[in-house]
Amino acid sequence: MVCPAILLQSFIWISLMAKGVQYDVTHIISKMCVVRQSMVLIPCKHTSPNEQVSSAEWLFEGSSGQRVRVSQDPAFVGRVEFVQPAAGNCSLLLRNARESDAGIFRFVLNTTSGQTWTNNQGIQLEVTDANLEVKTESDAVMEGDLIMFVCGSCIPSMTVPTYIWRKDGQLHSQHHGENILVLESVELKDGGRYSCTISGHEGLNSASHEITVRPGYPPKSVSVSISPSEIVEGDSVTLICSSDSNPPALNFSWFKGEVIVGSGRIYNISKISSDHSGEYKCRSRNKYGETDSDNVMMNVKYAPRDVVVTLNSSAEIVEGDSVTLICSSDSNPPALNFSWFKENQSSAVGSGQSFIISSFNSSHSGRYYCETQNQHGSQRSASVSVKESSSSLIMFTMGISAAVVLTSAILMVFIRDLIRRKRATPSEEENPGGSGHNKTLESPEDTYMSLEPKSRCSEYDTLDNMKRSCENTDHPEDSIYDNF
C-alpha cells in the first residue's frame, strides 16, 4: 500500500548535476501508477551543462526487454508530447494510458560533443484498472472469516482518488486514497455481489465478485484412531484426531486422563512403554468452540517381568509336610504358561502357577525357580531354597534318644522286680502247710516262681544276666548284680 504522503509527492524529477564536465542523471522517485485511459505527466527538469545540449530523449523498455525511442515508436504516436530541453523542461506527457505502456522509462541527454548521459534505473510505470481482487482465508468463506477486497493493482501517483465500493449494486462504502476493503469477521448478511470503481473514472467499473458466507459451527463427531491396533512395548504408535467443523479445526490438544500430553492433529509416541497405557482423548477447537472426543484405551502388551516365587507353608518344614510354591509375575496379557525347575536338573519338575509337594522328605530339598511365558516373551524367577528345618531334625534325634532311655528304664524295673520275686521262693518251699496241688496261683509271676531255676532259665535266655544266673543257682542275686 502506497502512503498518501508519498502519493502527493508523485513528481518525477530527473536531475542532471554537473561535476566538472561530468553529468549525473538521477531519479528522485523510481515508480509511479496511472489509471488506464487516463493522462499522466512524467515531469523532468534540467540545467544546461557547460557543453551545449543537442537533444534529450525518453527511452521505453516494455515487457519484451527491448528499448525503443518514445518519439519514434508507432505505439506512442499521437499520445506523447515532449518538451524541448532548451527551456530546461524535459517533462513527458502521456495520454490515454494503455496496459501496454507499463514498463521502464529512461531519460537520455545528448551534448554537442557527442556525449550521451542516462540513468539505467529509470522510472517504473504501472497501469492499473478498476479490476477487483478478493482475498480470503480460504476458498469457502465461513461465518467469522476475514475477507479483503483489493480494487486495482496500484494507487495512481498524480492524484489521490476515492474508491467507491458497491454491494448488490448499492453503495456500500467509500474510501479516500485506500483501494482495500476489509471485512474482519463476516456475518451471514455480508454475503452478496461486490464491485468497485475509482472516482473520476466511473466508466472503469470492475467486474463484480459473488461472496457466499456459510454458517460456521464448532467441532462435532470428534474421534480418535490408534495405529497399530495391537500395541507391544517398544512399538511406534500414532494417534489421529478427526472432527467435523466449520471452519475446519486447526487447534488440537491431547490428554491422558486429565493431563495434557501433546498437540496437533497427529500425536506420535516413538517408543512406547507400559507406562503409556491408559485412556486418551483429543480436544478439537475452532473459532466457534471446542469439543472433546470419547476416551480411548491404549493397552500396551509386554512380556513377563518381576517374576517372584513365594513359599506357602509353615515357617518350618518337617518331613511329611505339604509344601506349595507359587509363581507370580507382571505381564500383559497375564502369563498362562508356568514351568518349575530344580537347580542341577535338566528337565522341568512341574507346571502351573502352583507347584505342590504333598509329602516332603529330604530328597525334595534344593533350590527351585519358575519360568513364566506369554505370547510376547518369557522370564524366569530367582531361585528359592526349600529344605527341612534343622530344628525338626534335632527334635527327631531327641525323640529317639528319649525312647531309648525310656526303654532302658522299663527294662531295669522289670529286672529288679524279677530279682525280688526270686528271693521269696525258698521260704515258700519250706512252708509245710501248703499243698502244691491245691495252691492257687494268683499271677503269672507266681507261676514263674513255682518253677525250678533251671527250668525257667530258657524262657529268659535273651537276657545275658539271666543266662549267668542259670549257671550259678546257689547265688543268683550276686551274679545278676555283677552284670550291671
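Placing a pseudo-label 7 Å from each Cα along the Cα-to-Cβ vector at L171 and Q375 gives an inter-label distance of 7.8 nm. Once the Cα-Cα distance is subtracted from the 0.36 nm per residue extended length, the D244 to R420 segment shows a gain of 51.7 nm. Here's how it looks for G191: its modeled amide H is under 5 Å from those of V213, which are all 5 or more places away or on a different chain.
As an exercise, identify the trypsin sites (Lys or Arg not before Pro) in the range 238-275 lying in DSSP coil whose Cβ has no more than 11 other Cβ atoms within 10 Å.
K271
Treating r as the C-beta distance of S385 and S274 and R0 as 35 Å, the FRET efficiency rounds to 0.65. Annotation: extensible slack from R305 through V405 equals 30.4 nm (criterion: 0.36 nm per residue apart, minus Cα-Cα distance).
Under a model in which nothing but the beta-carbon of Lys, Arg (+1) and Asp, Glu (-1) is charged, the range 302-388 shows a dipole of about 240 debye around its Cα centre.
Between M412 and H209, full extension at 0.36 nm per residue minus the direct alpha carbon distance yields a gain of 59.7 nm.
All of the numbers you see were taken from the coordinates with simple rules; none came from a lab. All values reported here derive from a predicted model rather than from experimental measurement. Heads up, the Cβs are rebuilt from the backbone with ideal geometry, glycines too, and the neighbour counts pull from every protein chain shown.
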